[in-house]
There are 2 protein chains.
Amino acid sequence: MAQQEMPAVTFIKPRSTGTTRDRLLTAAEVAILDKGFAATSIEELIAEVGITKGGFFYHFPDKNALVIAILERHLAAEEAWLDGLFAQAASEAGSDDPLQIFLCFLALLQAQMEALPDVHPGCLIAACCFQERLFRPEVHRLAAANLLNWRARFTGVLTGIAAVHPPRRPVEIEALADMLVVLVDGAIILSKTVRQKEALPRQIGIYATLLRSLFET
Amino acid sequence: MAQQEMPAVTFIKPRSTGTTRDRLLTAAEVAILDKGFAATSIEELIAEVGITKGGFFYHFPDKNALVIAILERHLAAEEAWLDGLFAQAASEAGSDDPLQIFLCFLALLQAQMEALPDVHPGCLIAACCFQERLFRPEVHRLAAANLLNWRARFTGVLTGIAAVHPPRRPVEIEALADMLVVLVDGAIILSKTVRQKEALPRQIGIYATLLRSLFET
DNA sequence: GATCTACTGGACTCGTGGTACAGTGACCGT
DNA sequence: ACGGTCACTGTACCACGAGTCCAGTAGATC
């Protein structure tokens, strides 16, 4: 059955950088953020990476598994990035005051978002959120774990701040922690939709202002 | 070609309420919010409404046109709903102070979100945002117009407030207006993802607190 | 030399979007 | 009573993408 022509033209193109699996993940992540999960076809991914369909299904049992792998890789990277930003803020704040350190963190975050060349590419978690039934529960669990992680992180920081600087008005610390996450996700939607990349850094800035208004003496 | 059996069994089932087109829109809106656009098949919609594929394409040239129609209907309804809430707030505030009226509006909004039986079904605009390439530019334009409308509305209100109550700290009024929209969209993502319906009303509440912190004397 | 890994290549099924078009029952104006 | 329009039905058909199956194979490892 198999025709005997061109049997040995394998591995001509350079494997470029990273493993095939990793390059698939990267190509898929970019494509999903750009145009959504459903609009991203496996055929387009394998064309970009330079493998065949069989090769794709060798790595991932289905499209869902691909999303799960992307999310796992993304969450780890984000964790490291957040740790780095916090460490940098702690060293640059020039103070031990948790409020000053957090404000410094927010300024760093804002600066990074401002430095993006284009509107923020989007939030994987949000993208998953609106595709629910396309995914297995595992995807949902990963997304939830990520948001709860942010919540826990910022709740800890804000609790520390409130202990030193009693808030001017009673606030639920956890809701205030959620607010930053919510603001980032919401601002990504806004900036993508109205095509204004300033929207995201502006929201971070205003969050800092409101924190000052609430905690600073 | 056409077989002559069962020719006249048409219109047996009651047309239920509303036009077929409207019932299609409603079914599609619910399904899209529930599981996303891509996961919503035309076949499933026509089965629910009780028409055939030909009937669907009689009303809409394609799936995109369906989304556009849903968005248009939704935007009009939302406009009316916002007008109603503002009017109710103005009459219930017991004051001419724009800040008090806006705080009353926020309280009403919060109460409505609290009263939802389940997590908020989701934001059509956000759902569209993460499906970009599946849609024609028209869809994107409608979504952007909607967000800009909210922005204009709240910017007007907040400008009026700032004129009477000079803010404690300098803030960009427009960013503060965006913040409410951003908070609502972001909180919908949060509440859907971690399955906590309180997240949305809590964010509205905290927005009100922060406004007080900023504007109240 | 045997085995394992990471694929290739091709054939096939199924679901869904979308096209095309002839027919038809109910209603509406004349 | 007649013609036309509206709102569909019913059927047939194409394209495309997900996913399955599997035999073969180049290169590295033991």
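Helix A:63-92 versus the longest principal axis of chain A: what is the Cα-based angle in degrees, 0 to 90, to the nearest 10?
Approximately 30 degrees, to the nearest 10.
Partner chain Cβ atoms within 10 Å, averaged over the residues of A:133-139 - can you pull that number for me?
Whole-number average of other-chain Cβ neighbours for A:133-139 is 2.
Before rounding to the nearest 500, sum -39500 (n - 2.57) across all DSSP H runs of length at least 4 in the protein assembly as shown and divide by the residue total; then give [θ] at 222 nm in deg cm²/dmol.
Value at 222 nm, helices only: -23500 deg cm²/dmol.
What is the magnitude of the charge dipole of chain B about its Cα centre, with +1 placed on the Cβ of each Lys and Arg, -1 on the Cβ of each Asp and Glu, and no other charges, expressed in debye to the nearest 20?
On the way: 20 positive and 25 negative charges, 74 e Å.
Computed charge dipole of chain B: roughly 360 debye.
For B:ARG21, which inter-copy label distances result when the label point lies 7 Å beyond Cα on the Cα-to-Cβ vector, reported in nm to one decimal and in ascending order?
Ordered by distance, the counterparts are at 5.3 nm.
Return the whole-Å distance between the Cα centroid of region B:37-107 and the Cα centroid of region B:122-140.
If you average the Cα positions of each part, the centres end up 15 Å apart.
Under the definition of Cα pairs under 8 Å and six or more residues apart, what whole-number percent is the relative contact order of chain B?
Result for chain B is 20 percent.
Please arrange A:THR40, B:THR19, B:THR155 by how many other C-beta atoms lie within 10 Å of their C-beta, fewest to most.
B:THR19, B:THR155, A:THR40
By how many degrees, 0 to 90 and rounded to 10, does the Cα axis of helix A:98-115 deviate from the longest principal axis of chain A?
Here the helix axis deviates by roughly 40 degrees.
Cα centroids of region B:161-208 and region A:154-172: how far apart, whole angstrom?
18 Å
When you have a sec, figure out the Kirkwood radius of the protein assembly as shown from all distinct Cα pair distances and drop it here in Å to one decimal?
Mean inverse Cα-Cα distance, inverted, gives 24.1 Å.
Using a label point 7 Å beyond Cα on the Cα-Cβ vector, give me the inter-copy distances for B:ALA65 in nanometres, one decimal, shortest first.
Listed shortest first, these distances are 4.1 nm.
Please tell me which of these pairs span more than 32 angstrom C-alpha to C-alpha: A:LYS192/B:LYS53; A:LYS53/A:LYS197; A:LYS35/B:LYS192; A:LYS63/B:LYS197?
Flagged as over cut-off: A:LYS192/B:LYS53; A:LYS53/A:LYS197.
Within 10 Å of each Cβ in peptide B:35-48, how many partner chain Cβ atoms are there on average? Round it to a whole number, please. Kindly include the intermediate steps, with their values, before the conclusion.
Values: counts 6, 12, 5, 8, 7, 1, 0, 0, 0, 0, 0, 0, 0, 0.
Rounded to a whole number, the mean comes out at 3.
Taking only Cα atoms, what is the 0 to 90° angle, nearest 10, from helix A:173-194's long axis to the longest principal axis of chain A?
50 degrees
May I ask you to report, in nm to one decimal and beginning with the shortest, the distances from A:ASP96 to the same position in the other copies, taking label points 7 Å along Cα-to-Cβ?
The answer, with the shortest distance listed first, is 5.4 nm.
Taking a ≥ b ≥ c as the square roots of the eigenvalues of the Cα gyration tensor of region A:114-207, is the shape rounded (a/c under 1.5), prolate (a/b larger than b/c) or oblate?
Oblate, because a/c is 1.5 or more while a/b does not exceed b/c.
Each reported figure results from applying straightforward, stated rules to the coordinates on display, with no laboratory input. The structure presented is a predicted model; accordingly, all values stated were derived computationally and were not measured. Heads up, the Cβs are rebuilt from the backbone with ideal geometry, glycines too, and the neighbour counts pull from every protein chain shown.
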